[in-house]
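Peer 1: Okay, handing you the structure first.
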């Protein structure tokens with residue numbers, strides 16, 4: 001088996017609009033109105049919808065089953081020794097066809113204790129089309145105030161609590177678990193995250209979801225909001241999470257190291273990418289990776305056992321990987 005080229009894997013009928021930027025990027029027929037996410041190399045299912053979102057390989061085998069049969073071949077012996085048969089990674093393309101609601105994701109301890117899940121949900125965004133995103137509180141907020149805003153569905157006040165950040169293609173934003181965030185309409189991004197679908201929604205007005213029933217992961221808002229950070233992010237902290245045009249090589253801040261890795265590679269001729277389980281996204285140009293054509297918009301998965309990956313051509317390639325076993329915390 002060589003590099004595995006992956007078509008779109010867009011769960012249908014999500015609660016927010018989007019999807020056309022994904023299919024335009026990929027050169028595929030237009031998405032339906034509520035297919036705003038493309039789940040790439042996914043061993044994760046949509047919350048409370050078993051199997052929805054799981055990647056099925058070209059041979060018809062679901063990706064989790066294939067990895068379970070040969071975890072060392074897929075992930076490498078060092079990874080398996082540290083993390084087991086767990087990719088520790090989910091990659092998405094995300095098209096915000098409308099502004100996403102103010103929301104947050106739990107950390108690993110909260111997810112394990114209250115939900116029985118193996119991971120929380122840290123995430124990072126590699127911006128493909130710019131606009132405005134919102135991250136972290138501008139001031140400290142008491143739990144009672146936050147609960148009141150949720151009960152009243154005061155969307156304007158909720159959004160005004162967050163730091164707006166203007167982003168452009170090539171910028172990177174790391175979103176730690178617990179931090180409130182939102183993405184404005186029109187932003188198109190590559191998201192790298194822990195392999196979970198766990199969102200605590202603080203607003204749901206104008207979205208196709210029953211927020212009072214589904215916005216709290218089945219925990220009730222009194223408990224779910226305990227997973228949300230109430231302390232503000234100051235400018236120095238924010239500047240460490242939002243990185244402008246980071247250039248080549250590793251693009252994420254060090255605080256992301258326990259969760260995942262992302263590398264931006266500008267290809268001009270021929271070069272070799274280190275072996276190891278990885279998701280490759282061709283952002284622009286015309287590339288060939290491990291003998292597979294990788295035009296702009298194409299995504300592929302590299303199992304560990306194919307070894308070093310030869311890349312040639314001219315363009316921009318983003319390589320997403322799990323955390324390094326050596327850096328396990």
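The values are calculated or read from the model by the stated rules, or taken from the named source; none is laboratory data. All of these numbers come straight from a predicted model, not from anything done at the bench. Cβ placement follows ideal geometry from the backbone for every residue including glycine, while neighbour counts extend to all protein chains displayed.
Peer 1: Among the residues of segment 287-329, how many are touching a residue at least 12 places away in the same chain (Cβ under 8 Å) and over 13 Å from residue 75 (Cα atoms)?
Peer 2: 30
Peer 1: Based on this model, can you work out whether residue 279 counts as surrounded by 15 or more Cβ atoms within 10 Å (Cβ to Cβ) and either without any contact (Cβ under 8 Å) to a residue 60 or more places away in the chain or in a loop (DSSP other than H, G, I, E, B) (or both)? Don't jump to the end; show me each part of the working.
Peer 2: Values: surrounded by 15 or more Cβ atoms within 10 Å (Cβ to Cβ): yes; either without any contact (Cβ under 8 Å) to a residue 60 or more places away in the chain or in a loop (DSSP other than H, G, I, E, B) (or both): no.
No: the conditions fail for residue 279.
Peer 1: How many of the residues in segment 160-179 are touching a strand residue (DSSP E or B) at 6+ places or on another chain (Cβ under 7 Å) and either within 14 Å of residue 237 (Cβ to Cβ) or assigned to a strand (DSSP E or B) (or both)?
Peer 2: 12
Peer 1: Looking only at residues that are free of Cβ contacts under 8 Å to residues at least 24 places away in the same chain and out of contact with any strand residue (DSSP E or B) (no Cβ under 9 Å at 6 or more places or on another chain) in segment 235-276, which one is nearest to residue 123 (Cα to Cα)?
Peer 2: Selected residue: 254.
Peer 1: Here is a follow-up. Which condition breaks for residue 282 when tested against (1) under 26 Å from residue 86 (Cα atoms); (2) at pLDDT below 95?
Peer 2: Unmet for residue 282, out of (1) under 26 Å from residue 86 (Cα atoms); (2) at pLDDT below 95: (2).
Peer 1: Here is a further query. Can you pull out the residues in segment 9-34 that are under 21 Å from residue 279 (Cα atoms), without any contact (Cβ under 8 Å) to a residue 40 or more places away in the chain and assigned to a loop (DSSP other than H, G, I, E, B)?
Peer 2: 10, 28
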